[in-house]
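The block underneath contains the structure these notes are about, expressed in structure tokens.
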Amino acid sequence: MIIFIGVGTFGALGTDMVVGSVPPERGGSAAALSSISGDLGNALGVATLGSLGAAVYRDTFAPPPGTPAGASRAASASMENAVNAAAGLPAAAAEALMTAARAAYTGGLNTIGIACACITALSAAVSLTLLRGRHGATPSGDVPPPQREDTSEEAAGDSLPAA
């Protein structure tokens with residue numbers, strides 16, 4: 001819920017910035033591009049960070065001594081496999097296997113959290129650097145009226161050549 005409060009708030013602001021930066025007749029295309037970009041970013045983020053977490057889990061999982069080879073091999077692949085492997089072990093061995101799996105899984109989640117914090121800090125620094133001094137743009141909807149030429153007779157008389 002907390003994630004979606006932040007995503008909803010900043011997603012709406014980001015879409016408003018994108019749509020507001022184009023002429024009104026191009027707003028639909030800009031909104032679609034913003035939506036597709038957000039979806040692609042979410043998918044790539046989940047895939048990349050999920051792969052990072054899984055790699056950390058596999059690299060840090062250390063099965064307890066005495067764990068059968070099949071259960072140890074299965075548990076080293078993923079947390080789901082560790083839960084399934086622990087189900088077929090005696091209580092003490094299952095608890096030891098799950099303790100090792102939880103430690104490796106927590107390490108993966110902590111690594112993902114650190115990566116997210118670094119990405120956020122880098123994104124904030126880039127945004128502050130690139131967007132500094134970019135204020136005063138006219139948002140869409142607040143477009144000033146077009147300048148009309150003065151067609152009155154008085155103005156027309158001023159533009160005629162002297163006789």
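The values are calculated or read from the model by the stated rules, or taken from the named source; none is laboratory data. A quick note: this is a predicted structure, and the numbers were derived from the prediction, not measured. So basically every Cβ, Gly included, is an ideal-geometry build from the backbone, and we count neighbours across all protein chains shown. Surface areas here come from the heavy atoms of the whole protein model, side chains and all, with no ligands, DNA or RNA. Shrake-Rupley method; radii C 1.70, N 1.55, O 1.52, S 1.80 Å.
Using heavy atoms of the protein chains and a probe of 1.4 Å, the accessible area assigned to Ile3 is about 120 Å². Computing FRET efficiency as 1/(1 + (r/R0)^6) for Val22 and Ala62, where r is the C-beta to C-beta distance and R0 is 45 Å, gives about 0.25. Share of carbon and sulfur in the accessible area of the stretch 1-119 stands at 70%, probe radius 1.4 Å. Once the chain from Cys118 to Ile3 is taken as fully extended at 0.36 nm per residue, the excess over their C-alpha distance is 39.7 nm.
So if the hydrodynamic radius of the stretch 39-87 is defined as the Kirkwood radius over C-alpha pairs, what does Stokes-Einstein give as its diffusion coefficient at 10 °C and 1.306 mPa s, in µm² per second? Result for D is 133 µm²/s.
Dipole of the stretch 1-119, Cα-centred, from +1 at each Lys and Arg C-beta and -1 at each Asp and Glu C-beta, to the nearest 20 debye?
Taking the Cα centre of the stretch 1-119 as origin, the dipole is about 240 debye.
Computed on protein heavy atoms with a 1.4 Å probe, the accessible areas place Tyr57, Tyr105 in the order Tyr105, Tyr57, largest first.
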